Each structure stands twice: as structure tokens, then as C-alpha cells.
Amino acid sequence: MEKTFMMVKPDGVQRNLIGDITSRFEKKGFQLVGAKLMQIPTSLAEEHYGEHKEKPFFGELVEFITSGPVFAMVWEGEDVIATARNMMGATKPAEAAPGTIRGDYGVIVGKNIIHGSDSPESAEREIGLFFNSEELVDYQKNDLNWIY
Ligand code: RTP
Ligand code: MG
């Protein structure tokens, strides 16, 4: 089953949105297989957002993502990578549809509440950056027949 990496960014943690966000993915039918509250070291932030290191906003992005705790998660399910991106909404909250996480709670691009992997390659890379294999739990739920 496909897995993706997501995290509630420091603004989402400060605004008490961990419960709402995890609840959305749970209710959708995805399964949580790993999660932790953590303070991201600068080196990990720079590596995680490495694709943006030449962008003018890179410094601000690293500063923001390390400015307070994040809630890092791995979620599993069919097409979870693309579906979770849709549930997050567009990068710019002003363009994110109502009903999406960024559309419902975000206002500016630099504080857009949540991160999610954007491809299978990113998901594998980011899960490996944030979690050890012992931190991911392989388990079966009883309601899968009602989801698939
Ligand atoms: P993320 O990686 O955080 O899930 O966001 P994303 O895929 O939707 O967007 P991406 O293009 O990967 O950009 C990463 C984060 O950089 C910040 N950003 N700031 N000031 C700006 O113009 C600007 N553009 C992007 C955003 O916080 C975005 O989530
Ligand atoms: Mg991205």
C-alpha cells in the first residue's frame, strides 16, 4: 500500500490544528502508520527542502519550519500521495479551495499549515529522512472492507 509523509507545520501546531488535520485523514479512510511531535534541526530542514535551496524564499522557509515543533506523520492508503495533496489544497492559501486544509485555515503562502510529499519519489525520500523503520507500525484495521 502507498505511503506518504506529511507534517503539520509550526503554525498548525501553534493554532491547535493537529487534531483536526489528523481527523480529516482518518475519516477519509487513510491509516496512520507513524507520528511524532518534533523540533526539526536546521540541517534536516535544509535537506528536506533541498529542491528549493536556490529560491529567494529558502532562508525564510528553513527559519519558519524550524521555528517551533512540527507534527510529522506517515499515512498509508490507495493513492494517498495525490489524494492527500488534494486534501491539503494549493500551496497559496488564497488559491486553495474551501474544504481543503489550506483553503479552510491558511491565509499566506509562508504559513500554509501543512506539508505533504508531492510524488512517490519524494514520499520515499522524506519518510526516510524523518522516520526509522522501527517507528513505522505495520497493522491491520477491521474496517478496510468498508473503504476498499
Ligand atoms: P510543501 O512542500 O511545504 O508541502 O508545499 P508545496 O509542495 O505545496 O509547495 P512548494 O513549492 O514545495 O514550496 C514549499 C514551501 O515553500 C513556501 N513558499 N514560499 N514566498 C513564496 O513565494 C513561497 N513559495 C513557496 C511555502 O510555505 C511552501 O509550502
Ligand atoms: Mg513541496
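Observations on the structure shown:
- Selection from segment 7-37 of residues that are within 16 Å of ligand 1 (Cβ to nearest atom) and either in a helix (DSSP H, G or I) or under 11 Å from M73 (Cβ atoms) (or both): M7, V8, P10, D11, G12, V13, Q14, I21, R24, F25
- Residues (of a type in the set (S, T, N, Q), farther than 22 Å from E135 by Cβ and in contact with a Gly (Cβ under 8 Å, 6 or more places away or on another chain)) located in segment 1-55: Q14
- Close pairs (7 angstrom Cβ cut-off, 6 or more residues apart or separate chains): over 21 Å from V13 (Cβ atoms) in segment 83-101, more than 15 Å from ligand 2 (Cβ to nearest atom) and open to solvent by 40 Å² or more (accessible area, probe 1.4 Å) anywhere: P98/D104
- Subset of segment 56-72 that is within 28 Å of F25 (Cα to Cα) and of a type in the set (G, A, S) - its residue that is most open to solvent (accessible area, probe 1.4 Å): S67
- Residues (of a type in the set (K, R) and away from ligand 2 (no atom under 12 Å from the Cβ)) located in segment 47-73: K53
The values are calculated or read from the model by the stated rules, or taken from the named source; none is laboratory data. Model, not experiment: these values are computed from the prediction. Glycine also receives a Cβ, built like all others from the backbone with ideal geometry; neighbour counts cover every protein chain displayed. Each accessible area value is taken on the protein alone, full model and side chains, heavy atoms only, with ligands, DNA and RNA left out. Shrake-Rupley method; radii C 1.70, N 1.55, O 1.52, S 1.80 Å.
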